[in-house]
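Everything below concerns the one structure shown next.
The values are calculated or read from the model by the stated rules, or taken from the named source; none is laboratory data. Here the structure is a predicted model, which is why all the values come from computation and not from measurement. Positions of Cβ are generated from backbone atoms using ideal geometry, with glycine treated the same way; all protein chains shown enter the neighbour counts. Side chains are part of the model used for accessible areas, which takes the heavy atoms of the whole protein and leaves out ligands, DNA and RNA. Shrake-Rupley method; radii C 1.70, N 1.55, O 1.52, S 1.80 Å.
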Amino acid sequence: MTAEETSPIDAPEQADPILDADLFLYILPGTLTPADRRALAPLAPDRTLVILNKADAIGHRWSDAAQAADRHTETLGLLTLPAVASLAARTRAGTFTEADLKTLRRHHGSTDPAFTLTPDIFADPVIAEDDSARRSLLDRWDLYGVSCALAALRRAPDLAPQPLLQILHSASGMDPIYRALHERYEQAVAAIARESDAGAL
């Protein structure tokens, strides 16, 4: 199995890419545009998966992003799943350091929703003297990852680095995507095998 990233859809002065693969993973970075609808219309549901990326920027809760994905599924006739790809990449590339955990545990008791409203508020020196540590935390895990980690530590303050990393991976939304992509891969392999058998007759 090989993967190829196409050029963007509806890019200025560029023709739309030809979509002729066995599987399509279509990344939707926000609002569904007419160009997205045009590109997705001819794609087969059993060979296509739409990812509603940057789900952390949709509404105030994960359920808001999930509902938006469900609406796109109904509108497009293609399974659409929410994801936070930036967090998924961070959970694959790193782990929580002692310094990360120390900073998170220092602030996990804060229940003010505004604390993680924006990066500037979270790293504000007025809050505490560890503003450089909080900025470092944002650089490593982004605001959504920090918010998820703080929420997890409020419920279980003694969480070790690996379980905390697994919670953040789950919060990225990637596991349902992996499962759905694997199902479509298996279907594509079976279809290719059937076509090969028919061609050999």
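Order these peptides, 117-124, 73-80, by their mean beta-carbon neighbour count within 10 angstrom, highest first. The partial results should precede the final answer.
Details: 117-124: 14.4, 73-80: 16.9.
With the highest mean Cβ count within 10 Å placed first, the list reads 73-80, 117-124.
Name all residues of region 170-200 having a backbone nitrogen under 16 Å from the label point set 7 Å from the Cα of D22 along its Cα→Cβ direction, giving them as ranges.
181-200
With +1 on each Lys and Arg Cβ and -1 on each Asp and Glu Cβ, how big is the dipole of the chain about its Cα centre, in debye rounded to the nearest 20? Intermediate values should be presented prior to the final figure.
Numbers: 19 positive and 29 negative charges, 126 e Å.
For the chain, the charge dipole is close to 600 debye.
Which label marks the calculated value of Kirkwood radius over Cα pairs in Å, given the options (i) 18.5; (ii) 18.0; (iii) 19.2?
Computed from these coordinates, Kirkwood radius over Cα pairs in Å corresponds to label (iii).
Between Y178 and A151, what is 0.36 nm times their sequence separation minus the Cα-Cα distance? Round to one decimal in nm. Could you put the intermediate results ahead of the total?
On the way: separation 27, 0.36 × 27 = 9.72 nm, distance 2.48 nm.
Value of the extension gain: 7.2 nm.
R38 to S132: extension gain in nm, 0.36 nm per residue of separation minus the Cα-Cα distance?
On the way: separation 94, 0.36 × 94 = 33.84 nm, distance 4.65 nm.
Between R38 and S132, full extension yields 29.2 nm more.
Rounded, prolate or oblate: which one fits region 60-120, using the alpha carbon gyration tensor with axes a ≥ b ≥ c (rounded when a/c is under 1.5, else prolate when a/b beats b/c, else oblate)? Can you show the working numbers first?
Numbers: a/c = 4.00, a/b = 1.84, b/c = 2.18.
Here region 60-120 falls in the oblate category.
Add +1 for every Lys or Arg and -1 for every Asp or Glu among the other residues with Cβ under 13 Å from the Cβ of Q67, and state the total.
-1
With a cut-off of 20 Å, note down the residues of region 33-50 whose backbone N falls inside the zone around a label point 7 Å from the Cα of I192 toward its beta carbon.
43-50
Need one number: nm distance between label points at T31 and T118, each 7 Å from Cα along Cα→Cβ, rounded to one decimal.
Distance between the two pseudo-spin positions: 2.2 nm.
Enumerate the helices in the chain for which the Kyte-Doolittle hydropathy averages 1.0 or more and the C-alpha atoms extend at least 18 Å along the helix's axis, using complete DSSP H runs. Intermediate values should be presented prior to the final figure.
Details: long enough: 62-76 (21 Å, -0.92); 131-155 (25 Å, -0.20); 174-200 (39 Å, -0.43).
None pass (Cα extent of 18 Å or more, hydropathy at least 1.0).
Taking only protein heavy atoms and a 1.4 Å probe, what accessible area per residue, in Å², does the chain have with all protein chains in place?
Working: 12160 Å² over 201 residues.
Averaged over the residues of the chain, the accessible area is 61 Å².
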